[in-house]
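Below: the structure, in structure tokens.
Laboratory data are not the source of any read-out in this text; all were calculated from the coordinates shown. Since the model is a prediction, treat every value here as computed from it, not as a measurement. Note that each Cβ is placed from the backbone with ideal geometry, even for glycine, and that neighbours are counted across all protein chains shown.
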Amino acid sequence: MDWGLKNRIASILKSNNGRGVMLAVDHGYFLGPTEKLEEPKKTIAPLVKYCDSLMVTRGVVRTSVDPNFPVPIVLRVSGGTSIIGEDLSNEKITTSVKDAIRINATALAMSIFVGAKYEHNSLVNLGNLVNEAEEYGLPVLAVTAVGKELEKRDARYLSLSCRIAAEFGAHMVKTYYCDNFEKVVSSCPVPVIIAGGPKLPERDALALTVNALKSGAAGVDMGRNIWQSQYPIPMIRAVRAIVHSNYTLDQAYDLFKKLCQEYPIRNNQPNTSRNNFSQNQKPQQNRPQQDRSQQSRQRPNKPQQNKPQQTRPQQARPQQNQQKKQYQKPQQQKQPQKKPDAKPQPAAAAQAKSQ
Ligand code: R5P
């Protein structure tokens, strides 16, 4: 592999552990101003320092990302469809490699749609993009299974998609977490990172991350579960602690809760006094969601090898189906807001200092 290609991959997946935290903010390319990403600059600015790379379109890079801040850009270069159009799989390459180089992109990203009507076009697009990108030492991230293909989120389908992406020359693959995710990772000869998918309760999203990493994922390319949280900075920092410091689920969630006390809801500034919630705070509105999360944490784990927290993603499935509806009917996107359990844990507080 050429030095430049290796060097660019190493700035996305860190050379010390081969892992990375990619912040996904490219959703507008087919969803428009989706919830909590209506003004990309406001969403991105407070989070960018906590990610290893930013997945974004050229329009948002140029208008909403500070060029003085040295974050590697993973540039989405495919598109051409919208949430209200006929078929999300009918994408083409919409941004040239020349423009990607002008932007100083570190990698290119495009979607493939295995099993969809435009499967052939998307795979040929991937092959052609790899051909051109490799001339300049630019790695390509293949994004598998979006839109309608979310229905097929199982290890058999995702292994097929990821393996085909790698066979076409993708240098990294992004996919969704599923049961038996080890199979997806082991049969894909290039690093696999996971999308977060539809918004989940924070603890569930952290469980998804822990389980994916345990199954061999190289990191996350996460969007909605970070910036649709009422606590986006605590969330990305907790995810980061899992990816780079091997935090367990309990450690990461404790860190999240601790950081929630430092950052007020959604305005992303360190907290001073107002909006600070404490152990003494009365039960909040929307607590049932939190309670549901706590209950599910107590359920016995499914006895599977190497998957002690396998129950979490299964619980998430109804929300995945719900997201499919969201893709079809974006006006239904609003979900009830919730508060995390605010009790700080002393052990996590000490660990939090290093995050
Ligand atoms: C989907 O087409 C986009 O590429 C997103 O970047 C991807 O879905 C990851 O974002 P999220 O974590 O919100 O699923």
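List of remarks:
- Search result, residues across segment 49-81 that are buried (at least 17 other Cβ atoms within 10 Å of the Cβ) and of a type in the set (Val, Ile, Thr): Val56, Thr57, Val60, Val61, Val65, Val71, Ile73, Val74, Val77, Thr81
- Checklist (1) within 15 Å of the ligand (Cβ to nearest atom); (2) over 23 Å from Arg153 (Cα atoms); (3) polar (S, T, N, Q) applied to Thr209, failing item: (2)
- Any hit, segment 97-119, residues being farther than 22 Å from Gly59 by Cα, over 22 Å from the mean Cα position of the chain (by Cα) and crowded, with 17+ Cβ neighbours inside 10 Å: yes
- Of the residues screened, Gly169 is one that is more than 14 Å from the chain's Cα centre (by Cα) and on the phi > 0 side of the Ramachandran plot.
- The number of residues in segment 99-117 being in contact (Cβ under 8 Å) with a residue 40 or more places away in the chain, in a helix (DSSP H, G or I) and not hydrophobic (A, V, I, L, M, F, W, C) comes to 1.
- Segment 212-231: number of residues that are within 12 Å of the ligand (Cβ to nearest atom) and more than 12 Å from the chain's Cα centre (by Cα): 1
- Annotation: of all residues in segment 49-98 being of a type in the set (D, E, K, R) and out of contact with any strand residue (DSSP E or B) (no Cβ under 9 Å at 6 or more places or on another chain), the one that is nearest to Glu132 (Cα to Cα) is Lys98.
- Among the candidates Val65, Val71, Val21, the residue that is under 16 Å from the mean Cα position of the chain (by Cα) and β-branched (Val, Ile, Thr) is uniquely Val21.
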